[in-house]
Every structure is written in structure tokens, then in C-alpha cells.
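The block underneath contains the structure these notes are about, expressed in C-alpha cells.
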């Protein structure tokens, strides 16, 4: 069995390499990720990354086929080994996302049907995806069609397709109601300040953090606005030959 990647669930090591055999090779457009100018990489690379992480989920033993009582709100963040999610200059140009990562991600079921963004992340996403031509067409279609929530008080409008603008004062009530509706997972991409606020409100069900094998030395901490300690429980890990490690936690 190929040692491309290993997932640990409940202390057992499971290989997902076999699931990649015979899979359709990803589009050559994925190479565009390495060709994007440094000034736009902070916008495009995280977008591709978050979509990939969101689909990186192995099936464990099925205990029950009953639908969950409440939809999960999951947060996705990519950081350096020393805990920074972007450079002091604001760039996010250090992820190492290889083809095997995308192949693995694309073999998994899609569990998301709603996206949530803070203002800054929303503006980056909305500036890129409606006119995106380079990249996986499936990813582009997903990002432009899936229902989205932009959380911001200063924004006056959110014109990206299928986007609802929610004021911060209404955030807890809106997401609380949304989690009780039937549906798949609600995903929060990037938006670390918003993630910190939702952790303090007790609305985040899982933190999915991909750690890149790089030390920046300095940068912007992943959760600088968090008001206090949040104890976490490790659910599973996935390691990749590239050195990336996906850590999945839930608040304890």
C-alpha cells in the first residue's frame, strides 16, 4: 500500500492511498496555482485550499444512519508550524498544496452546502470567483453557486451570487437558526476573527486546521482576537507526503 498519506481515527492508522487508484487525474489547470502572481496568491491559493480541506474527510464506522439533530458549523484555517496564518505583510504565499492533496480531496464526498465569511475574506472571494477561469471548473461552480453568508456591519450590499448579508448583531441568532434547519455542514473559510467570535459564542462545532511544514519566524497569529482559552479535543489527523498535516478538533 502506498504511503502517500495516512489518517488516524481513534488511534488507528488508516491509509487512503488505495482510494486514489483509478481516480480521474485532476485538470492541468491546477498548475495555475503555482503561476499566479504573488500579489494575488493570497486571494486564490486560500480559496483552492479551503475547498480542498472541506472535502478531506474519510468515512469511519457507521454507527447510525439517523440524520444529525443539528447541522455542524466547521471552521477551516491554514497555518505555519509556528502558528501564523499570514505574513506580517498580509501575504498567504507559504502553503504547499500538491496534486496528491487535491486528488485525495476530490475523492471525498462533499459535505458542505453553506459558506460563511467575514468581511475581509468575503471581499477577496467575491473579487476572484465570479470571473475565475483558471482552476478546476467544479470548484469554480461550487464557489459561485453555493449559498453564502457575509458577516459585516460596514458592508451595505453583497452582490456575489447567492449571498446573504448578515449584520454582526444578528450573527448569533442567524447562525443558531440556520444550524437547526435541515442540510449539510456550514463552513467558515479563513475569517479567523469571525471564528474567534463564534468560538466564544459556542457556535463552532469543529476546527479543521492544516499545518504547513514551514516556520515563518514572524507573522499574524491565527486567533489574535480570542478573548480567552478554549480547550479542544482532537478528533482525527491526516498526514500527507508533502509534510502537510490536517488536524480536526472540536471544542471540549
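Values in this text are rule-based calculations from the coordinates and carry no lab data. Treat the numbers as computed from the prediction; the structure is a model and nothing was measured. Here the Cβ positions follow ideal geometry from the backbone for every residue, glycine too, while neighbour counts run over all protein chains shown.
Please enumerate the residues belonging to the stretch 144-160 that are surrounded by 14 or more Cβ atoms within 10 Å (Cβ to Cβ) and in contact with a strand residue (DSSP E or B) (Cβ under 8 Å, 6 or more places away or on another chain). Full working, then the answer.
Going residue by residue through the stretch 144-160, those that are surrounded by 14 or more Cβ atoms within 10 Å (Cβ to Cβ) are 144, 146-152, 155, 158, 160.
Correct list: 146, 147, 148, 149, 150, 151, 152, 155, 158, 160.
For a quick check of your reading: which strands (runs of 3 or more DSSP E) sit entirely within the stretch 174-252 and have at least 3 residues that are touching a strand residue (DSSP E or B) at 6+ places or on another chain (Cβ under 7 Å), over 25 Å from residue 119 (Cβ atoms) and in contact (Cβ under 8 Å) with a residue 60 or more places away in the chain? Talk me through it step by step, then tell me what you get.
Numbers: elements: 185-189, 206-212, 232-240, 245-251.
Fully inside the stretch 174-252 and qualifying: 232-240.
Say we look at the stretch 110-144 and pick out the residues that are more than 15 Å from the chain's Cα centre (by Cα) and not in a helix (DSSP H, G or I); which of these is nearest to residue 162 (Cα to Cα)?
Ranking the candidates gives 132 first.
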